[in-house]
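**Student:** Have a look at this one.
Laboratory data are not the source of any read-out in this text; all were calculated from the coordinates shown. The model shown is predicted, which means the values in this text are computed figures rather than measured ones.
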Amino acid sequence: MAEEDFLSQEEIDMLLQSLGKEEEKSEEQIKYRPFDINELERISPTRLVKLEQVVNRWVAGATVELRGIIFNLDNISLSGIKTEKISDFVLKIPLPAAIAVLQIESLNGRVYMVLDTRLIYTIISIIFGGPAQPYKVEGKSFTKFEQKIINNLIELLVKHLNNTWVELVREGEIRFIGIEDNPRRLITVSRNEIMIIITLEVEIEGFKGNIYLAIPMKTIEPIKDILRTTDTESGNYRDLILASLMNTSVTLEATFPVMKMRVRELLELKEGDFVPLSPRAPNSVTVKVAGVPMFTGVLGESSGRKAVKIKSFVKHHVRGTE
């Protein structure tokens, strides 16, 4: 065998060095990260259309009753719906905390309603005739009287939330269990448990505070398909509106033609005088519904009572067709 067929010692050393570097490079490229199944968000809050309907109707009903207690209340609105780990949400809850623990019948797990501490003290200030601004709450605990006010506010909110939930979702009732003051006690299973956080913004004379509704993903997992649908898809929403409209009371008024009278004649009127109507009155009575002219008719009697006989509908012009 020729001498040039063998590698020199220098060439052998260089080859061994290059092989070692390739092994080190390949080992550096192999990196892995533990897979956390809790990071999977199986339910997207943006697709829970019915849940948003529940929140909007809950807010509308609660606002009306709260204005009877908080006269300076401007508005309550839905600020946002998002998902968040319960450990991250707990860190945002200020102390002292007012956390209402709720239970949805037929569903596992609990739901939490959190009232912003500054909002609580603002409401208490307004109730006692003070300004709509909170005072310092760091390191302060709720008194028994303040706890009573908080309890009444939560019961009012839960009442309207339950009514709306039963009407739209029809999956059990929402019960108020009690109030928790330690946010860390909400972490019962895993710090990475995913929650749906619904934020309501309460505005009182320029001051803004929040009310949070935290729902564990696993709690609504059994009814996620129901929360993704809307009443308009099933026709129930239309039926509810029609039923509500059909039972609505309206005021009907029979209006005589407008009369003209001089100021002198008006001042000369005295008790017992008769005001002559236009001869055309019986043929031109206008019937208004809630102040809007709807029918024309003639005066008469029915079963011994004054009545108006409907003759025709009043034609209304549609905007853009005149």
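**Student:** Post the alpha-carbon centroid distance, the range 71-115 to the range 160-189, in whole angstrom.
**Tutor:** Cα centroid of the range 71-115 versus Cα centroid of the range 160-189: 9 Å apart.
**Student:** Stokes-Einstein diffusion coefficient for the range 40-245 at 37 °C in a medium of 0.692 mPa s, Rh from the Kirkwood formula over Cα pairs: what value in µm²/s?
**Tutor:** 184
**Student:** Among rounded, prolate and oblate, which fits the range 183-227 when a ≥ b ≥ c are the square roots of the eigenvalues of its C-alpha gyration tensor, a/c under 1.5 means rounded, and a/b larger than b/c means prolate?
**Tutor:** The shape class here is oblate.
**Student:** Return the long-range amide H neighbours of Glu205 (sequence gap of 5 or more, or a different chain), with a cut-off of under 5 Å between placed amide H atoms.
**Tutor:** Asp74
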